[in-house]
């Protein structure tokens, strides 16, 4: 496909890296020039252009802009009726983004994570999951969402990633004070969590680790008694 990227920040750059070897012709905007230049140097099929040239060269366009800047940037561009756009803008609904690019259409709101650059990551999609799956489904898992309400709920829920990373980091710090190789300790913890949760539903894993008096049970019960569950629920509700 002839793909374009308007707003080439960290996430958009990861998206391009995830599909740059798939034979597409990709134009990236000179906005965020550090990322754009790195992509153009790494891949022969990635070219840098100004925003209107990106639009003119592309049949599918990714929007990686900050939502608060989108109206000004997109309002200055001339889109075609036959173009389809995919938005990464978490601060703008699919309908809001669509209204900015007529007569083209924003057909999907997609929320990627940095791991999309190498694959193996979940992708939340509202709208045309088929197009997103065609581009990214070979290496990643596509999670189609029914509407904007579901997207909003998923966006809140995905924020659990940072607290989980905090728990792993703090546990690795504790472990590192007690073992000879701190880096190995953190690698062990990351693999421990990722491998077990990737193969087992969370409720089943909690049950499997619920041996009376076992280390896992004792630590979980301590954290639950300290208010972990209520703090999580309150935090998610505040995001919502």
(message) Pick from 219, 77, 94 the residue whose mean-square fluctuation is largest in a GNM of the chain, springs joining Cα atoms under 10 Å.
(response) 219
(message) Given a 10 angstrom Cα cut-off, can you work out which residue in 214, 119, 130 is the most mobile in a GNM of the chain?
(response) 214
(message) If you average the C-alpha positions of region 1-76 and of region 120-152 separately, how far apart do those two centres end up, in angstrom?
(response) 20
(request) Report, to the nearest 10°, how far helix 148-157 tilts away from the longest principal axis of the Cα atoms in the chain, using its own Cα long axis and a range of 0 to 90°. (result) 40
(request) Calculate for the chain the 222 nm mean residue ellipticity that helices alone would give, adding -39,500 (n - 2.57) per DSSP H run of length 4 or more and normalising by residue count, nearest 500 deg cm²/dmol. (result) -15500 deg cm²/dmol
(message) Could you compute how fast region 159-239 diffuses translationally, taking Rh as the Kirkwood radius over C-alpha pairs and applying Stokes-Einstein at 25 °C with viscosity 0.890 mPa s? Give it in µm² per second.
(response) 172
(request) Looking at the chain, send over the antiparallel percent of its DSSP beta bridges, to the nearest 5. (result) 15
(request) Can you check how the C-alpha radius of gyration of region 84-143 compares to 2.2 N^0.38 Å, as a plain ratio? (result) 1.10
(request) Throw me the Rg/Rh for region 22-165, computed over C-alpha atoms with Kirkwood Rh, two decimals. (result) 0.95
(message) Viscosity 1.567 mPa s, temperature 4 °C: what is the translational diffusion coefficient of the chain from Stokes-Einstein with a Kirkwood Rh over Cα pairs, rounded to a whole number of µm²/s?
(response) 64
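Of all DSSP beta bridges located in region 1-138, what percent are antiparallel, nearest 5?
Around 15 percent of the beta bridges assigned by DSSP in region 1-138 are antiparallel ones.
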(message) For a quick check, take a GNM of the chain with Cα springs below 10 Å and name the residue from 198, 71, 13 with the largest mean-square fluctuation.
(response) 198
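FYI, it's all coordinate maths here, none of it is from the lab. As the structure is a computational prediction, the values presented were derived from the model and not from experiment.
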